[in-house]
Amino acid sequence: MTNSVAGAKSLSLAGNEPAAPLGYYSWTLGQAARDPLYILIVIYIFFPYFSNVVIGDPVRGQALVGYVNTFAGIAMALTVPFLGAIADKTGHLKPWLLTSTLAVSVCAFGLWWVTPDSLQQGLGLLPVLGALIVMNVAFAYTEVFHNAMLPRIAPADKAGLISGLAFALGNFGGVSLMLLVLFAFALPGTVSLTWIADTPWFGIDQTSHQQDRIVGPIAAVWLLLFTMPVLMFTPDAKRSALSFRQSAVAGVGEVWQTVRKLKDYGNVARYLLARMFFNDGMVGVLIFGGLYASGVFGWDSSELLIFGLFSSTSAMLGAYFGGRFDDLLGSKRTLMIAVCASAVIFLFMLSIAPGRILFVMNVSTETWWSGPFFNTPAELVYFASNQIFAVFFVTGLSTSRTLMARISPPAMSAQFFALYGLSGSVTAFLAPLLVATTTDAVGSARIGMSALVVLIVLGVWLLAGVKETQACSFPEEN
């Protein structure tokens, strides 16, 4: 069955009457709730702090972060498809979204107690790694249940715009919180500017890295606050007549049936396989980009915050305009452009190191300007390149979600978005494992990062064969 509803402006991608604007605009705030947590904790602040300060060794720290994502990915692979199928059977997605959101918030809030000497003072490494794994798994659950709402609530002719707007708001939220952390906690006392406070707000102690640790509680509260509009105003599906036990049995059975009949969903299966590779290759760049830069260039939390602020602003613009191009050019074409451009830019970024660009081109190590940050040529080029990467990366994230909504069976949206989440979570342990093992084996963060290129290229090759047509819920009726 082709995506015949795409031209019907009064219908959603699932073929039903879409939500009112309040419903689907409230849905976009779910992305605004989640993304700042990922931006602050995983990409720019806490994970680099954990690697460079708590562990104290950028190479070993990068490897441990890789293993955290490896174990989280295995847990997701074993649970996500079944939870999605059960949610389809129960009908309601909001209870699942609320439960997983609370789990993420509790783990994120607890990061405040991961002090520089916590590993020596009795907390231990395993509990910290365990909390990070649980947080990552629960975060993936929130993404599955939030994404599964999109096909039913979004008007077909606005799906790309709504998805792009959600990512734009997510990055806007990230920018807002990074500005707060930067000007309230990281910069005071470290720079002599009249418009920066002399001491951090609320008595934050920079010597014990409280400016890095506070991002956990801040992101946890933000997540809870901005998930509320989704729970209050975005319409949920009708609750089924099945009990939870009946839903669980039926959902698990349907997963096995879907796996057995995956050949009947060949186009969707190819897309999920393609995304399994290109998505986590790109997400791997995001996860390890801050770690790589902090290790190679010696950037501290202030520099990483500024780096993140500009990158998230670029991503915000990319998400919005990428959503526009998605509706104009089609999801697959826009996605191909975004992923290919991301791969090329990433290769260029890997070629940059202090005093060197394009691997062999020597550049000056002298400062180009008198500012306190990013004042060598290599740092400035890396900084600028990442802005372009951010534009295409978030366009790819947004468009990949829209393409999944366009080709998946409408009546099985949670199950197929669970498989969509799984296609990222499978490489959520494969890509970090590649980075971790390669980094460990050769003792080089750059070579460890280069393993991600293979995944992106393979994903592009598979994506080229995907058709932008919608599958039926019962493929035997095709």
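Nothing in this text is a laboratory measurement; each read-out follows from the coordinates by a stated rule. What you see is a predicted model; the values in this text were computed from it and never measured. So basically every Cβ, Gly included, is an ideal-geometry build from the backbone, and we count neighbours across all protein chains shown.
Could you give the nm distance between label points at Trp461 and Leu179, where each point is 7 Å from its Cα heading toward the beta carbon?
4.5 nm
How would you rank Phe310, Phe346, going from fewest to most other Cβ atoms within 10 Å of each one's own Cβ? Don't skip to the answer; put the middle values down first.
Details: Phe310 18, Phe346 24.
Ascending number of Cβ neighbours within 10 Å: Phe310, Phe346.
Sorted by mean Cβ packing within 10 Å, highest first, what order do the peptides 129-139, 451-461 take? Present the calculation step by step, with values, prior to reporting the outcome.
On the way: 129-139: 20.9, 451-461: 19.3.
Averaged packing, sorted descending, gives the order 129-139, 451-461.
If neighbour count is taken as other Cβ atoms inside 10 Å, put Leu328, Leu434 in order from fewest to most.
Details: Leu328 11, Leu434 23.
Listing Leu328, Leu434 from fewest to most nearby Cβ atoms yields Leu328, Leu434.
What are the ³J(HN,Hα) values, in whole Hz, obtained from phi via the Karplus relation 6.51 cos²θ - 1.76 cosθ + 1.60 with θ = phi - 60°, for each residue of segment 373-378 in sequence order, with x given for Gly and Pro?
After applying 6.51 cos²θ - 1.76 cosθ + 1.60, I find 10, 6, 10, 9, x, 5 Hz.
Would you work out the charge dipole size for segment 267-409 about its Cα centre, treating the Cβ of every Lys and Arg as +1 and the Cβ of every Asp and Glu as -1, and quote it to the nearest 20 debye? The partial results should precede the final answer.
Working: 8 positive and 7 negative charges, 149 e Å.
That gives a dipole near 720 debye.
Taking K and R as +1 and D and E as -1, what net charge do the other residues with C-beta under 15 Å from the C-beta of Trp112 add up to? Don't jump to the answer; show the numbers that get you there.
Numbers: positive: Arg213; negative: Asp117, Asp205, Asp212.
Charge balance in the 15 Å sphere: -2.
Return Ser314, Ser12 ranked ascending by Cβ neighbour count within 10 Å, so the fewest neighbours appear first.
Working: Ser314 20, Ser12 23.
In order of increasing Cβ crowding within 10 Å: Ser314, Ser12.
Enumerate the amide H contacts of Arg356 below 5 Å, restricted to partners 5 or more residues apart or on another chain; note that Pro and chain-start residues carry no placed amide H.
Val363
Toward the positive end of the charge dipole of segment 63-195, about the Cα centre and with charges on Cβ (Lys, Arg +1; Asp, Glu -1), which of His146, Cys107, Leu125 goes farthest?
Working it through, the farthest residue towards the positive pole turns out to be His146.
By how many nm would the segment from Asp117 to Leu78 grow when fully extended, if each residue of separation counts as 0.36 nm and the alpha-carbon distance is taken off? Each step should come with its number before you reach the end.
Working: separation 39, 0.36 × 39 = 14.04 nm, distance 3.43 nm.
That pair, Asp117 and Leu78, stretches by 10.6 nm at full extension.
Give the span of segment 147-218's Cα atoms along each principal axis, as three whole-Å numbers ordered largest to smallest.
Projected onto its principal axes, the Cα set of segment 147-218 covers 52, 24, 13 Å.
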